[in-house]
Amino acid sequence: MKINIFVLLIISTLSLEPYAAECDQIIEGNDALQFNSKAMTVSAGCETITVTLKHTGQLPANIMGHNWVLTKSSDFMPVAQAGGGAGLENDYVPQNDSRVIAYSKIIGGGETTTVSFSTADLSKSESYTFFCSFPGHYAIMQGSLSVID
């Protein structure tokens, strides 16, 4: 009986680990205009999501910069298009735009950046798109973010 309880405790502890891992996401962008993932999944149980973007290329930020921007999928295209006018000094993200849920700064080759944001306004029933807002990159560098139990 003691062994069964011990085994159940170990199994229940192990089953929590994937949910903890879903609160922290790592994604890479390169000089070929590619993210290494087209989809991210986060747990609804996370209070905060942290996304780490690694630029694995070599080109500088003003030539081939990348960032990570999150919007509702319905807001993706208008926000991405408005980003070009915001300029590099604003990370190609329209400032004070309520449609932008989270974004990282623009980085160049060999650099890493992190953005953390609250999940309070995320919904399991909503569709979300992440993308790079550097001009023209959003057409290729995009993916989906899903919220699960």
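Quick notes on this structure:
- Checked against (1) surrounded by 15 or more Cβ atoms within 10 Å (Cβ to Cβ); (2) under 13 Å from His137 (Cβ atoms); (3) not aliphatic (A, V, I, L, M), Gly84 meets all criteria but (1).
For every residue, the table says whether it meets (1) free of Cβ contacts under 8 Å to residues at least 60 places away in the same chain; (2) under 20 Å from Gln34 (Cβ atoms); (3) in contact with a strand residue (DSSP E or B) (Cβ under 9 Å, 6 or more places away or on another chain).
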{"residue": "His55", "(1), (2), (3)": "yes, yes, yes"}
{"residue": "Leu59", "(1), (2), (3)": "yes, yes, no"}
{"residue": "His66", "(1), (2), (3)": "no, yes, yes"}
{"residue": "Gly83", "(1), (2), (3)": "yes, yes, yes"}
{"residue": "Leu88", "(1), (2), (3)": "yes, no, no"}
{"residue": "Tyr92", "(1), (2), (3)": "yes, yes, yes"}
{"residue": "Gln95", "(1), (2), (3)": "yes, no, no"}
{"residue": "Ser104", "(1), (2), (3)": "yes, yes, yes"}
{"residue": "Ile107", "(1), (2), (3)": "yes, yes, yes"}
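- Boolean, Ala80 is at pLDDT below 95 and farther than 14 Å from Leu53 by Cβ: no
- Within the stretch 118-143, if we keep just the residues that are farther than 18 Å from His66 by Cβ and not in a loop (DSSP other than H, G, I, E, B), the residue that is farthest from the chain's Cα centre (by Cα) turns out to be Ser118.
- Pairs with Cβ under 7 Å, 6+ apart, first in the stretch 120-140 and over 23 Å from Asp91 (Cβ atoms), second assigned to a strand (DSSP E or B) and of a type in the set (D, E, K, R): Glu126/Lys72; Ser127/Lys72
- For the criterion of being loosely packed, with under 14 Cβ neighbours inside 10 Å and of a type in the set (A, V, I, L, M, F, W, C), Ala39 passes.
- Residue list for the stretch 76-117, filter: more than 14 Å from the chain's Cα centre (by Cα) and of a type in the set (D, E, K, R): Glu89, Asp91, Asp97, Arg99, Glu111
- The stretch 111-131, residues that are aliphatic (A, V, I, L, M) and crowded, with 17+ Cβ neighbours inside 10 Å: Val115, Leu122
- Filter result for Thr112 (within 18 Å of Asn30 (Cα to Cα) and out of contact with any helix residue (DSSP H, G or I) (no Cβ under 9 Å at 6 or more places or on another chain)): yes
The values are calculated or read from the model by the stated rules, or taken from the named source; none is laboratory data. None of the values given here were measured: they were computed from a predicted structure. With ideal geometry, Cβ positions are generated from the backbone for all residues, glycine too; neighbour counts draw on all protein chains shown.
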